[in-house]
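All remarks here apply to the structure that follows.
The values are calculated or read from the model by the stated rules, or taken from the named source; none is laboratory data. Worth saying up front: this structure is predicted, and the values here are computed from it rather than measured. When we count neighbours, we look across all protein chains shown, and the Cβ atoms used for this are built from the backbone with ideal geometry, even at glycine. Just the protein is used for accessible areas: all its heavy atoms, side chains included, with ligands, DNA and RNA removed. Shrake-Rupley method; radii C 1.70, N 1.55, O 1.52, S 1.80 Å.
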Amino acid sequence: MDEIMHCRIMGRNCLKVSVSDEDRKNYIYKMWINNPMEGFVKGNERIEDGVNYLVYYVDTLKPINAVYKEGMLNLEELSHLIFSVCKTRERLRKYMLPGLHIILSEKYIYKDLDSSDFSFVYLPLQDVHIENTLADYLIGMVDYDDDELVEAIYDVYTMKDDEGWPEVLRQRLINIREKRRVLVSESAESDLNERMVVPESKHDANREKPKEAKPDRIKDALCYAGIYLVAASVAVYSIIEEFILDSYELILLGVGILVLSLLATTIITRILTPSVYERIMKVIGPKNNRKEKKFDDEDRDGPVRNEIITKEADYGKTVYIEAPKPKNILYGQGDNHFNIDLNSLPITIGRMEGNADVVINNKSISKLHAKIYAGDEGILIEDLYSTNGTIKNGIRLAPGEAVPLNLKDDVTLGNLDFVFA
């Protein structure tokens, strides 16, 4: 059997492999071609230059190595994948087809991003030498924050050469899911009991109650003001009767009485009539209030502009600054107004929210179109089996091919043009 080839036929991404006359007469091949099964990429026969090929159209699907990033395979995603593997094997047994012809490799297991269903490639040929690397792939992609999941993967990894390892892993995942379901159920029941026992007012008891405004004591204020006036009048009369005062001494006495009167009025008003005191302060201090508000607005809108303060001796000196670093941005050209920031890598680019890091709402962009990441050669761009392709400097990239991005490179995703700068 020849190697599986990636190619485009009639504008569609596909896989093809040559088929010998002996294979076409085989029971497995005939049964597979004549009985399409759910969960598998459908195979079609095609003749090119007198050679028979088996063709699989995968233009609407993505290989899982282009969908998942490191650490993304949590319990739900891994269970869905392994359950799909086991389910497809069960369908093959119905037609007495051997399961070893399923290619369990991350490059040939596909996911439909719309339905989240997995599709597998089945090679009904006698001479099958495709290396099954799914177990190795799972070791790198599993969520390492989940200790039980990691332990299950490593336990099964030791038997990866056994054809039945997916069924063993499936049972381990079922046990983990059941155990967690019980824990969640018990936790929910415990929370319900706590809510039934604890009164709702418990949370309100610790809440800080608003302070009630003190009422004005106007009668008391007038009373204290009258006492002060009588005391001040007696004191002034006694001083004038006792001493003979010159004109400037009388002025000083008047100023002192005025200051003491203002102080007494402020104290009496502040303590006994707080609302009156607040209104007076608003009238006498509007400028201060406006300044404080201006400050608040500046703090809220953004940081205050920093000014450089230098000594007079430093005036006239030239300050050297570092040359600006490359911006690492794909700038949209022409009618394309999308700019893609490449300072936080890796990123995936596509049309579907939730699957791509950078979402571009354009019909020429595939749901998962391209990936850009840092490698040994610098920044690399890779086409993720997109329908309309990824083009760099006029050359279309092969699906899954990664090439370096250099400054001023022209990049086209679908019908959108970019320049790397």
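Each row is one residue, and each column tells you yes or no for (1) touching a residue at least 24 places away in the same chain (Cβ under 8 Å); (2) of a type in the set (Lys, Arg); (3) surrounded by fewer than 16 Cβ atoms within 10 Å (Cβ to Cβ); (4) in contact with a Pro (Cβ under 6 Å, 6 or more places away or on another chain).
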| residue | (1), (2), (3), (4) |
| --- | --- |
| ASP357 | no, no, yes, no |
| SER366 | yes, no, no, no |
| LYS371 | yes, yes, no, no |
| SER386 | yes, no, no, no |
| ASP409 | no, no, no, no |
| THR412 | no, no, no, no |
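Tallying residues that are farther than 22 Å from PHE83 by Cα and either touching a Phe, Trp or Tyr at 6+ places or on another chain (Cβ under 7 Å) or open to solvent by 10 Å² or more (accessible area, probe 1.4 Å) (or both) within region 36-59 yields 13.
Taking region 104-115 as the range and being under 16 Å from ALA66 (Cβ atoms) and either modelled with pLDDT of 90 or more or open to solvent by less than 10 Å² (accessible area, probe 1.4 Å) (or both) as the test, the residues that pass are SER105, GLU106, LYS107, TYR108, ILE109, TYR110, LYS111, ASP112.
Picking from residues in region 117-161 that are over 22 Å from ARG172 (Cα atoms) and polar (S, T, N, Q), the one that is most open to solvent (accessible area, probe 1.4 Å) is GLN126. May I ask you to verify whether LYS202 is at pLDDT 70 or above and assigned to a helix (DSSP H, G or I)? Taking the combined requirement at face value, the residue does not satisfy it. Restrict the check to region 251-258 and report whether at least one residue is within 30 Å of LEU222 (Cβ to Cβ), modelled with pLDDT of 70 or more and in a loop (DSSP other than H, G, I, E, B). Scanning region 251-258, I find no residue that is within 30 Å of LEU222 (Cβ to Cβ), modelled with pLDDT of 70 or more and in a loop (DSSP other than H, G, I, E, B), so the answer is no.
Checked against (1) closer than 18 Å to ASP335 by Cα; (2) open to solvent by less than 70 Å² (accessible area, probe 1.4 Å), GLY400 passes all but a single condition, namely (1).
Residues of region 2-10 include none that is part of a loop (DSSP other than H, G, I, E, B), in contact with a helix residue (DSSP H, G or I) (Cβ under 9 Å, 6 or more places away or on another chain), open to solvent by 50 Å² or more (accessible area, probe 1.4 Å) and modelled with pLDDT under 90.
Tell me yes or no: at least one residue of region 406-416 is under 30 Å from MET10 (Cβ atoms), part of a loop (DSSP other than H, G, I, E, B) and of a type in the set (A, V, I, L, M). No, because not a single residue in region 406-416 is under 30 Å from MET10 (Cβ atoms), part of a loop (DSSP other than H, G, I, E, B) and of a type in the set (A, V, I, L, M).
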